[in-house]
Amino acid sequence: MGFFGSIMNALSGSGQAEIPKNAIFIDVRSQGEVASGAMEGAINIPLAEISGKAKKLPSEKSKPIVVFCASGMRSGMARKALLSLGYEQVINGGGISSLAMRLGKRII
């Protein structure tokens, strides 16, 4: 990983953080993007709606959450938003393709 990638990981909280088995996966891409392919088992809450969708978010703020998007940029912003809402374990999973491959999940 180059210098720029290291800086982006540090700022966004992404990288190769271990993903807990009981994590909730939140896809912050738009509904249109999700229609073209979604990771099995993920909840879709577009970035623009992340703060207003409390019903879809876990009530337990210590529950691990992994956010992801197409590239990792929007999921970095979603991570910051969730942390500001009091969620304690929020991991930027980066882009959907690399995350699905890393986890051995299908994109459906």
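Cross-link partners of residue 56 among aspartates and glutamates, defined as those whose alpha carbon lies under 15 angstrom from its own and excluding same-chain residues fewer than eight positions apart: 27. Each of 67, 28, 90 has some number of other Cβ atoms within 10 Å of its Cβ, and from fewest to most they run 90, 28, 67. Karplus-derived 3J(HN,Hα) values for segment 36-42, using 6.51 cos²θ - 1.76 cosθ + 1.60 with θ = phi - 60°, are 8, x, 10, 7, 4, x, 8 Hz; glycine and proline are entered as x.
Remark: relative contact order (the chain) = 31 percent; criterion is Cα-Cα distance under 8 angstrom and separation of 6 or more residues. The GluC sites (Glu not before Pro) of segment 15-60 that meet both conditions, a loop assignment by DSSP and at most 11 other Cβ atoms within 10 Å of the site Cβ, are 18, 40, 60. In order along segment 88-101, the Karplus-derived 3J(HN,Hα) couplings, from 6.51 cos²θ - 1.76 cosθ + 1.60 at θ = phi - 60°, round to 8, 10, 10, 10, 7, x, x, x, 4, 5, 5, 5, 4, 5 Hz, and Gly and Pro are given as x.
Each Lys and Arg adds +1 at its Cβ and each Asp and Glu adds -1 at its Cβ; summed about the Cα centre, the chain shows a dipole of about 120 debye.
Annotation: amide H of residue 43 within the under-5 Å range of 25, 26, 27, sequence separation 5 or more or interchain, hydrogens built in the peptide plane. Of all DSSP bridge pairs formed entirely within the chain, close to 10 percent run antiparallel. Each residue of segment 26-32 was assigned a 3J(HN,Hα) from its phi angle through the Karplus curve 6.51 cos²θ - 1.76 cosθ + 1.60 (θ = phi - 60°); the sequence is 10, 8, 9, 6, 5, 4, x Hz, with glycine and proline shown as x.
FYI, it's all coordinate maths here, none of it is from the lab. Quick caveat: nothing in here was measured; it's all calculated off a predicted structure. For neighbour counting, all protein chains shown are included, and Cβ atoms are generated from backbone atoms with ideal geometry for every residue, glycine included.
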